[in-house]
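*Asks:* Once you've had a glance at the structure underneath, I'll fire off some questions.
Any read-out appearing in this document is the output of simple, stated calculations on the displayed coordinates, not a laboratory observation. Please read all numbers here as calculations on a predicted model, not as lab measurements. Note that we place each Cβ from the backbone using ideal geometry, even for glycine, and neighbour counts take in every protein chain shown.
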Ligand code: F6R
């Protein structure tokens, strides 16, 4: 079995992505201690707009989803240039760009400055850091050298801290402690040294095989489904589909009776204590897709708190995309098309592998 052959993995995984993934718990602990300079001193906002693209937006999705059920302050995740019209002076903008060179995020901060909306920046450097320094914006300085999508901990925890400093507590210390325990346990079971029969991520990657993955969450795990899709695309260079129940019942489900359904593999992202109406929809989806789909798998969130559950599912998806890359003999680290887009658009190209694994 290739996935259990650590040397074979090392030949494909030339940038040691497996080590970066295995170190996520440590990255999260380190990130939890990071603080903005100058410190954040803002009134509690009426609206939070979290700005970021790609890997730097994924943490924002996770926090917005955590907040949706419990907080009266809405958190919008904005992927794009500028800012939505709703972002006025009573809002808070949290601008995340791991490289600091992402044009959309820089443009959002420029609009925020023009509108006098308070901004917190989270970045390892680049134009965003320079802008923050010039305007004395609170900025969390991240250690450089990772691919943004693999800096999940560095992006999530400072944003969580920034929200708390602004009076918008998305997860309690207890929730965070639990999430760290959960990912630590996962790290011990999902890495290459754990053989396939005991390794959920390897088994899921093998179950998907050469088929096109369609990842479906529930109302809360739907954003994680999107993160699975983007990890599969960036790491394994494999097109994936993401959706959520119940919405997919109203449209996408039709695809699964079609001639191409055998080429698709559904992965359902589940959690204990789902509302009963969601649980019964998942049961129905399984029953209806089963006979025609290439395959249907389930992945269950770990932990009790919403934060731990979402983080655990994201982490599992990172490993699944890693093994999917290995099955395609693809180095998960480089993203040549994305790098080329940025180069052609004139970005300074800090999207580079770290100096040495
Ligand atoms: C690359 C990756 C991308 C970047 C995106 C934005 O590893 O994950 O999706 O996150 O191109 O760049 P940053 O995160 O530097 O703002």
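*Asks:* Which one, 163, 327, 345, has the greatest fluctuation when you compute a Gaussian network model over the chain with C-alpha springs under 10 angstrom?
*Replies:* Among 163, 327, 345, the largest mean-square fluctuation in the Gaussian network model of the chain belongs to 345.
*Asks:* Another question, then. Would you calculate the separation in nanometres between label points at residue 42 and residue 29, each defined as 7 Å from the Cα along the Cα-to-beta-carbon direction?
*Replies:* About 3.1 nm separates the two model spin labels.
*Asks:* Using a Förster radius of 41 Å, what is the FRET efficiency between residue 341 and residue 184 based on their Cβ-Cβ separation? Nearest 0.05, please. Working shown, then result.
*Replies:* Values: r = 36 Å, r/R0 = 0.87.
After rounding to 0.05, the efficiency reads 0.70.
*Asks:* Something else: Given contacts defined as C-alpha pairs under 8 Å and at least six residues apart, what's the relative contact order of the stretch 136-274, whole-number percent?
*Replies:* 19
*Asks:* While we're looking at this one, here's another question. I need the P(r) histogram for the stretch 56-192: all alpha carbon pairs, bin width 5 Å from 0 out to the longest distance, whole percents.
*Replies:* 2, 10, 19, 23, 21, 13, 8, 4, 1, 0
*Asks:* Relative contact order for the chain using alpha-carbon pairs under 8 Å, separation at least 6, rounded to a whole percent?
*Replies:* On the way: 688 pairs, mean separation 72.8, N = 357.
Computed value for the chain: 20 percent relative contact order.
*Asks:* Let me check the size of the stretch 1-52 from its C-alpha atoms; what are the radius of gyration and Dmax in Å?
*Replies:* Every Cα atom of the stretch 1-52 included, Rg and Dmax give 19.3, 56 Å.
*Asks:* At a 10 Å Cβ-Cβ cut-off, how would you order 78, 189, 15, fewest neighbours first? Don't jump to the answer; show the numbers that get you there.
*Replies:* On the way: 78 23, 189 14, 15 17.
Ascending number of Cβ neighbours within 10 Å: 189, 15, 78.
*Asks:* Further question on the same structure: Past the 17 angstrom mark, what percentage of all C-alpha to C-alpha distances in the stretch 155-248 do you count?
*Replies:* On the way: 2901 of 4371 pairs.
When every Cα pair of the stretch 155-248 is considered, 66 percent fall beyond 17 Å.
*Asks:* State, in angstrom, two size descriptors of the stretch 202-268 derived from its alpha carbons: Rg to one decimal place and Dmax to the nearest whole number.
*Replies:* Calculated on Cα positions, Rg and Dmax stand at 11.5, 32 Å.
*Asks:* Continuing with the same structure: In nm, to one decimal, how far is the residue 207 label point from the residue 6 one, both placed 7 Å along Cα→Cβ?
*Replies:* It is 2.7 nm.
*Asks:* Any idea how far the Cα center of the stretch 189-239 sits from the one of the stretch 252-308, in Å?
*Replies:* A separation of 13 Å, based on Cα centres.
*Asks:* While we're on this one: Run a plain Debye calculation on the chain (Cα atoms as equal point scatterers, no solvent) and give log10 I(q)/I(0) at q = 0.06, 0.10, 0.13, 0.14 Å⁻¹, rounded to two decimals, same order as the q list.
*Replies:* For the requested q values the scattering log ratios are -0.21, -0.60, -1.02, -1.17.
*Asks:* Helix-only mean residue ellipticity at 222 nm, the chain, DSSP H runs n ≥ 4 weighted -39,500 (n - 2.57), per residue, nearest 500. What is it?
*Replies:* Working: 13 runs with 159 residues, N = 357.
It lands at -14000 deg cm²/dmol.
*Asks:* Grab every C-alpha pair in the stretch 246-329, bin the distances at 5 angstrom width from 0 up to the longest one, and report whole percents.
*Replies:* 3, 13, 19, 21, 19, 17, 7, 2, 0
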